[in-house]
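The values are calculated or read from the model by the stated rules, or taken from the named source; none is laboratory data. Note that the structure is a prediction, hence the values are computed from the model and not measured. A quick note on method: Cβ atoms are made from the backbone with ideal geometry, for glycine too, and the neighbour counts reach across all protein chains shown.
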Amino acid sequence: MTAGLAMISECSKWPVVMYLLVSVAVLVWAIAYSTKERDTRLRIPLAINAVASGLLSLAFFNCPQVLDALNPFGTLRGELFIIFVLVGTYVLTLEIPGFLLNRDYDTKICHSLDELQEAVLKARVSGREGISRIGKIVKEQSPRLDGAGILSIARNSAQLFTQLNNFDVSVCDLLLREVVHARSRIEGRSKHALPLLAEVLKLSGLVFLLAEILALLHPK
């Protein structure tokens, strides 16, 4: 057990500390600096992940008997078990909730864009009634249109239609192109809570798996 605990402290302490520091840094960024609604929705999962990871790490390093009791890999592979626990904690507390929150948010944005697109197309036929509908959608759905990055052009277009009391075809075509482009971008973007971290974990997981396979094929 002594050798196992020594290996844990040497091999796992700093990676775990770095992981916790990154978790706290991302949480601070989401609370203090991020103003986008899509990011602020992740504050609770980020906080839960940071707290859960910290408590588990403290439990493992301060109560090694808990680690020995739960670890199925043996005392000499304690660092492997800790990595699996932290990754599992990340998936359960941040990745899955974050994915669901981002998907829900993007779905609502796409719905708002569909409403705006439908209103612009109808305005070609209904004239003033359609112009009023566009203005109403821009006013009611401004947070979501802002999230899609087209609030400025949608608001300016609606104001222009109101001022002219008529429908400008060239402005309409420009607005429709922006709506279609924004919808395609929103629909296709990653729903991961932290896309870069998800890619890093994916690549590091493959490397780790290969290393384990080689270790089994060529035991020391």
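In table form, for the structure just shown:
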quantity: Residue 77 in contact with a helix residue (DSSP H, G or I) (Cβ under 9 Å, 6 or more places away or on another chain), within 19 Å of residue 24 (Cα to Cα) and either at pLDDT 85 or above or not acidic (Asp, Glu) (or both); calculated: no
quantity: Subset of the stretch 133-147 [buried (at least 16 other Cβ atoms within 10 Å of the Cβ) and out of contact with any helix residue (DSSP H, G or I) (no Cβ under 6 Å at 6 or more places or on another chain)]; calculated: 146
quantity: Filter result for the condition that a residue is buried (at least 19 other Cβ atoms within 10 Å of the Cβ) and not assigned by TED's automatic domain parsing to the domain that holds residue 46, over 152, 112, 126; calculated: 112
quantity: Wholly within the stretch 6-72, helices (runs of 4 or more DSSP H) carrying at least 2 residues that are hydrophobic (A, V, I, L, M, F, W, C), surrounded by fewer than 18 Cβ atoms within 10 Å (Cβ to Cβ) and modelled with pLDDT of 80 or more; calculated: 43-62
